[in-house]
1. Taking the range 41-67 on its own, how many of its residues are aliphatic (A, V, I, L, M) and in contact (Cβ under 8 Å) with a residue 24 or more places away in the chain?
2. Restricting to the range 24-49, name every residue that is within 21 Å of H66 (Cβ to Cβ) and of a type in the set (D, E, K, R).
3. Among the residues of the range 32-44, are any basic (K, R) and modelled with pLDDT under 95?
4. Test of understanding: among L14, L21, L10, which residue is among the hydrophobic types (A, V, I, L, M, F, W, C) and within 15 Å of M68 (Cα to Cα)?
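The values are calculated or read from the model by the stated rules, or taken from the named source; none is laboratory data. Here the structure is a predicted model, which means the values were calculated and not measured. Cβ placement follows ideal geometry from the backbone for every residue including glycine, while neighbour counts extend to all protein chains displayed.
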Amino acid sequence: MEIPDYDKALYYILWGQWDNLLILMVRTKDDILSKRIQHFLHAYHYATDQQTIVETHDNLLCYLDHAMNYTTPTITAEM
């Protein structure tokens, strides 16, 4: 069973697994997803104001929502 990168990213964001999100950023083939993750993690660790963190978080979630609407499911069940 293969889980798409978008589902993984959403799971890691919801549960605060920043290390796994960083690994996903490096391994994904989606350049836009990688860049959005990079901006969020940078803001999370280095931003001085809460508004920047919230904006990058919202941008990442918005992109995930958009990408998940336009991709076909790749999860297959074996019988």
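1. The number of residues fulfilling the criteria is 4.
2. The answer is R27, K29, D30, D31, K35, R36.
3. No, every residue in the range 32-44 fails to be basic (K, R) and modelled with pLDDT under 95.
4. Exactly one of L14, L21, L10 is among the hydrophobic types (A, V, I, L, M, F, W, C) and within 15 Å of M68 (Cα to Cα), namely L10.
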